[in-house]
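First up is the structure itself, then whatever we jot down about it.
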């Protein structure tokens with residue numbers, strides 16, 4: 001199908017092309033006295049087109065040159081020399097050569113375009129397949145977790161407190177499944193994106209809503225740099241909520257109990273900037289790059305339940321939608337993460 | 001207890017068992033179906049008031065089963081979703097589902113959702129009056145006014161319509177598409193949907209005490225918006 005085909009069939013196509021060229025030449029030679037230049041040119045052109053369709057551009061041009069020589073040698077008087085008596089015959093030869101080469105070239109280009117379209121289609125199909133595979137994996141992993149949770153709950157009504165732990169562990173396993181599937185989507189390029197115009201208000205409110213179930217949710221202080229202004233960005237709402245959710249979760253986990261966590265949003269030139277800062281001990285300089293790599297867990301985090309995927313997912317999601325996620329030290333100590341997303345500027 | 005039937009459509013026997021068990025308190029008959037085709041058939045025969053539909057059915061997509069059931073039944077449809085795709089949840093709500101629960105869910109959560117759905121189904125039958133009250137908000141449909149703690153909130157006509165649609169569907173998640181269709185009838189969805197988000201942001205600043213910590217209009221990430229249910 002493509003021109004970079006393996007050798008055996010390629011050699012066959014070349015041989016076949018020349019056999020056909022020679023056969024056509026011999027046949028026309030037998031009837032030379034009855035044929036005009038136009039007849040000869042059209043038959044050769046047909047052979048050239050057939051050769052480039054079957055064997056690609058190089059074969060097409062080669063056959064065109066061979067046909068050009070055969071045309072001159074056998075069919076333009078004086079015969080059996082490359083010399084051409086009638087100056088107009090030069091014109092016929094030249095037009096024949098140009099036509100054959102251009103036709104071979106056009107055929108090649110049309111074919112290359114079709115191959116590119118087919119490849120793009122195949123890659124789209126592959127992405128769809130990856131997405132479907134991950135979706136069904138997600139379903140198959142979560143269904144037994146649902147049964148485990150529900151049965152643990154039923155047993156709990158009989159008075160066994162250990163069932164609470166079963167439910168908690170099922171939740172933990174679910175978080176791990178979610179994280180691993182997200183990493184697979186990010187790495188496999190199968191991450192669905194839904195970029196829309198969204199308000200900074202809405203995203204911050206959704207983070208508040210998400211943490212509202214925590215008993216210590218009032219540790220999180222959410223504010224806007226410029227409370228009077230409404231700011232909008234172009235981003236995927238769900239992914240951005242996941243990013244800020246991960247950052248805020250980390251702050252709840254690693255900053256001292258009871259200390260406040262600040263989440264701010266604001267417009268800076270062409271970016272919507274969200275910052276999550278805490279009053280913990282921050283991240284040591286030696287670890288600042290590594291915290292964004294998958295499965296990295298800080299030695300400090302040994303007591304915490306963590307897959308080591310939260311920050312790498314957050315950065316992956318930020319970059320997938322044209323944003324950035326970076327770390328800096330908070331003024332006065334503590335960690336500060338900064339998420340920048342494309343803003344909508346009026 | 002009223003004479004109520006529930007239908008559980010799920011290919012996993014274990015899930016059918018735990019869901020049926022959870023529904024036993026609120027329904028005197030629970031029927032089970034293992035395939036989408038069976039589910040559609042039973043929905044027509046048993047006339048259930050609630051249908052719990054799993055998305056991962058082997059024989060048909062959740063959206064198509066949902067749409068098929070909706071042709072002949074006005075039962076409340078609660079979808080069980082294990083997938084991460086919020087767009088799919090939105091598609092299901094658009095296809096006529098009433099609510100969804102994400103796996104793994106707890107039995108308590110499932111029961112709470114079911115009861116909220118039944119309450120809503122009940123209040124819809126009784127019909128809404130000319131005055132709707134939610135917390136500090138009072139909306140007078142005849143006078144076309146909205147007050148918060150007695151003082152009038154000034155809304156543009158579009159904002160008024162948006163609040164009216166949300167408030168009269170209190171407790172129900174409305175997808176971006178459904179809201180858009182209700183507030184701008186006849187307009188093309190597409191690009192114009194961004195206006196919806198802009199208007200919601202504006203309305204929140206007018207009716208919420210703190211727009212960053214909304215108590216009336218909740219965001220359902222990737223799906224739409226939901227007005228706080230009546231208590």
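No value in this document is a laboratory result; all are computed from the given coordinates. Predicted model only: the values in this text are computed from it and were never measured. In this analysis, Cβ positions are derived from the backbone assuming ideal geometry, glycine residues included, and neighbour counts consider all displayed protein chains.
A few comments on the model shown:
- On Cα atoms only, tilt of A:87-156 relative to the major axis of chain A in degrees: 20 degrees
- Shielding by partners - mean other protein chain Cβ count within 10 Å, residues of B:103-111: 6
- Multiplying the residue separation of residue B:140 and residue B:215 by 0.36 nm and removing their Cα-Cα distance gives an extension gain of 25.0 nm.
- Paramagnetic reach from residue B:111 (point 7 Å along Cα→Cβ, amide N under 15 Å) across region B:28-59: B:28
- Chain B, helix-only ellipticity at 222 nm - DSSP H runs n ≥ 4, -39,500 (n - 2.57), divided by all residues, nearest 500: -13000 deg cm²/dmol
- Expected 222 nm ellipticity per residue - DSSP helices of 4 or more, -39500 (n - 2.57), all of chain A, to 500: -20000 deg cm²/dmol
- Simple label model, 7 Å out from Cα along Cβ direction - residue B:11 to residue A:20, nm: 5.0 nm
- A prolate overall shape is assigned to chain A, the ratio a/c of its alpha-carbon gyration tensor axes (a ≥ b ≥ c) being 1.5 or greater and a/b exceeding b/c.
- Rounded to 5, percent antiparallel among DSSP beta bridges of the protein assembly as shown: 65 percent
- Cα→Cβ-extended label distance, 7 Å offset, between residue A:158 and residue B:133, nm: 4.8 nm
- Here A:237, A:74, A:274 are placed in order of increasing Cβ neighbour count within 10 Å, fewest first, which gives A:74, A:237, A:274.
- For chain A, the relative contact order works out to 12 percent when only alpha carbon pairs closer than 8 Å and six or more residues apart are counted.
- Angle between chain A longest axis and helix A:200-211 axis [Cα atoms, degrees, rounded to 10]: 60 degrees
- With neighbours defined as other Cβ atoms within 10 Å of a residue's Cβ, the residues A:9, A:312, A:298 order from fewest to most as A:9, A:298, A:312.
- Sequence of A:79, A:71, A:44 once ranked by neighbouring C-beta atoms within 10 Å, starting from the fewest: A:79, A:71, A:44
- The listed peptides A:59-70, B:156-167, ordered by packing as a protection proxy, come out as A:59-70, B:156-167 (highest mean of other Cβ atoms within 10 Å first).
- Residue A:95 paired with residue B:29, simple spin-label distance in nm, labels 7 Å along Cα-to-beta-carbon: 8.8 nm
- Shape call, the protein assembly as shown: gyration tensor on alpha carbons, a/c limit 1.5: prolate
- Theoretical FRET efficiency, 1/(1+(r/R0)^6), r = Cβ-Cβ of residue A:31 and residue A:119, R0 51 Å, to 0.05: 0.65
- Over region A:1-141, relative contact order from alpha-carbon pairs under 8 Å, at least 6 apart, %: 23 percent
- Take every pair of alpha-carbon atoms less than 8 Å apart whose residues are at least six positions apart; their mean separation over the length of region B:164-227 yields a relative contact order of 46 percent.
- Helix axis angle, A:57-70 relative to chain A longest principal axis, alpha carbon, degrees: 10 degrees
- If you plug the beta carbon distance of residue A:73 and residue A:126 into 1/(1 + (r/R0)^6) with R0 = 51 Å, you get a FRET efficiency near 0.45.
- Using the Cβ-Cβ distance between residue B:71 and residue B:187 with R0 = 35 Å, the FRET efficiency computed as 1/(1 + (r/R0)^6) comes to roughly 0.85.
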